[in-house]
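Peer 1: Dumping the structure here so I can ask a few things about it.
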Amino acid sequence: MKKMITLTGIDGSGKTVIARTIATLLLKRRFKVKILWIKSLHTLAYLTYCFFRKTWGIEYVLNPRNRVVEHFVTQYMGKMGKLWGLIEFISIIPWILVANILKHINYIVICDRYLADFLATVSLRIRDPLWWAKSIPGKFLLTLQSKTQTVHLKISVNTVLERKPDVEYSLNELKTLIATYRIIAKTINAVEVVNENRNLGEVVEEVINYLNLNS
């Protein structure tokens with residue numbers, strides 16, 4: 001069993017529930033376990049976002065459930081383009097270091113979101129759906145992600161809206177994000193597990209079997 005396990009997928013796909021279930025299983029076997037949440041808007045990127053929000057105000061969007069929510073795919077992120085991508089990249093480096101340090105001191109690291117989630121969301125924010133594939137930071141992070149055991153939890157737009165009625169995207173953004181997740185997952189050879197219209201226990205068992213945690 002590898003020392004890093006990644007659960008990736010759009011918000012509402014069940015990553016947190018499954019990560020906690022796996023952690024409980026491993027703790028019972030006396031492993032040292034740490035769950036990390038690594039996505040985007042960390043450190044420098046978050047401080048930059050807060051500065052712009054205070055300067056220009058909060059940007060809102062009408063989501064597919066006709067709810068007005070704070071929009072995290074802002075106009076200035078799109079205008080900044082590659083520069084915003086670089087800010088996000090710099091911001092995530094400390095978290096990558098933390099994950100690897102934990103591995104080297106014999107923790108099993110369960111990533112409830114990781115680099116695939118980062119690449120998908122940043123590509124959406126800068127309005128370049130292939131940033132993850134053609135930029136230098138994107139290619140570097142894609143290589144790192146491909147070295148971990150990765151499970152992509154797949155759900156549809158309708159399921160996202162059922163589970164996350166306050167989702168912070170427009171319908172087009174949501175569809176684009178789901179499509180980007182799927183392409184990235186295939187690129188890194190992640191196993192795809194459908195987590196809708198199924199019993200949660202079945203989904204957890206499928207993930208556990210893939211990760212070879214029953215042995």
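Peer 1: Taking the stated definitions as given, is Thr180 more than 25 Å from Ile126 (Cα to Cα), touching a residue at least 24 places away in the same chain (Cβ under 8 Å), among the hydroxyl-bearing types (Ser, Thr, Tyr) and not in a loop (DSSP other than H, G, I, E, B)?
Peer 2: Criteria not met by Thr180.
Peer 1: Okay, moving on. Closer than 21 Å to Phe72 by Cβ, touching a residue at least 24 places away in the same chain (Cβ under 8 Å) and either surrounded by 14 or more Cβ atoms within 10 Å (Cβ to Cβ) or not charged (D, E, K, R) (or both), is that true of Tyr210? Full working, then the answer.
Peer 2: Numbers: closer than 21 Å to Phe72 by Cβ: no; touching a residue at least 24 places away in the same chain (Cβ under 8 Å): yes; either surrounded by 14 or more Cβ atoms within 10 Å (Cβ to Cβ) or not charged (D, E, K, R) (or both): yes.
Spelling it out, it is not the case that Tyr210 is closer than 21 Å to Phe72 by Cβ, touching a residue at least 24 places away in the same chain (Cβ under 8 Å) and either surrounded by 14 or more Cβ atoms within 10 Å (Cβ to Cβ) or not charged (D, E, K, R) (or both).
Peer 1: Can you confirm whether region 128-138 contains a residue that is in contact (Cβ under 8 Å) with a residue 60 or more places away in the chain and either in a strand (DSSP E or B) or among the basic types (Lys, Arg) (or both)? Write out each step before concluding.
Peer 2: Step one: of region 128-138, the residues in contact (Cβ under 8 Å) with a residue 60 or more places away in the chain are none.
No, that holds for no residue.
Peer 1: Leu153: in contact with a Gly (Cβ under 6 Å, 6 or more places away or on another chain), under 30 Å from Lys32 (Cβ atoms) and surrounded by 15 or more Cβ atoms within 10 Å (Cβ to Cβ), yes or no?
Peer 2: On the way: in contact with a Gly (Cβ under 6 Å, 6 or more places away or on another chain): yes; under 30 Å from Lys32 (Cβ atoms): yes; surrounded by 15 or more Cβ atoms within 10 Å (Cβ to Cβ): yes.
Yes; evaluated as a whole, the condition is true for this residue.
Peer 1: While we're here: Look through Thr180, Thr187 and report the one residue that is crowded, with 20+ Cβ neighbours inside 10 Å, at negative phi and out of contact with any His (no Cβ under 9 Å at 6 or more places or on another chain).
Peer 2: Details: Thr187 fails: crowded, with 20+ Cβ neighbours inside 10 Å.
After ruling out the rest, the residue left standing is Thr180.
Peer 1: Looking for something without any contact (Cβ under 8 Å) to a residue 40 or more places away in the chain and part of a helix (DSSP H, G or I) - is there at least one such residue anywhere in region 1-19?
Peer 2: Taking region 1-19 and keeping what is without any contact (Cβ under 8 Å) to a residue 40 or more places away in the chain, we get none.
So far as region 1-19 goes, no, none of its residues is without any contact (Cβ under 8 Å) to a residue 40 or more places away in the chain and part of a helix (DSSP H, G or I).
Peer 1: What about Gly14, is it on the phi > 0 side of the Ramachandran plot, in contact with a strand residue (DSSP E or B) (Cβ under 8 Å, 6 or more places away or on another chain) and small (Gly, Ala, Ser)? Spell out the reasoning first.
Peer 2: Working: on the phi > 0 side of the Ramachandran plot: yes; in contact with a strand residue (DSSP E or B) (Cβ under 8 Å, 6 or more places away or on another chain): yes; small (Gly, Ala, Ser): yes.
Judged against the criteria, Gly14 is a match.
Peer 1: For region 24-35, which positions are in contact with a Lys or Arg (Cβ under 9 Å, 6 or more places away or on another chain) and either at pLDDT 95 or above or closer than 20 Å to Lys164 by Cβ (or both)?
Peer 2: First pass over region 24-35, keeping only residues in contact with a Lys or Arg (Cβ under 9 Å, 6 or more places away or on another chain): 26, 35.
Of everything in region 24-35, just one residue is in contact with a Lys or Arg (Cβ under 9 Å, 6 or more places away or on another chain) and either at pLDDT 95 or above or closer than 20 Å to Lys164 by Cβ (or both), namely Ile35.
Peer 1: Please go through region 37-57 and pick out each residue that is among the hydrophobic types (A, V, I, L, M, F, W, C), in contact with an Asp or Glu (Cβ under 8 Å, 6 or more places away or on another chain) and either modelled with pLDDT of 95 or more or farther than 26 Å from Gly201 by Cβ (or both).
Peer 2: First pass over region 37-57, keeping only residues among the hydrophobic types (A, V, I, L, M, F, W, C): 37-38, 41, 44-45, 47, 50-52, 56.
Filter once more, so that each one left must be in contact with an Asp or Glu (Cβ under 8 Å, 6 or more places away or on another chain): 37-38, 41, 45.
Scanning region 37-57 gives Ile38, Leu41, Ala45.
The values are calculated or read from the model by the stated rules, or taken from the named source; none is laboratory data. What you see is a predicted model; the values in this text were computed from it and never measured. Don't worry about glycine lacking a Cβ; one is built from the backbone with ideal geometry, like all the others, and counts go over all protein chains shown.
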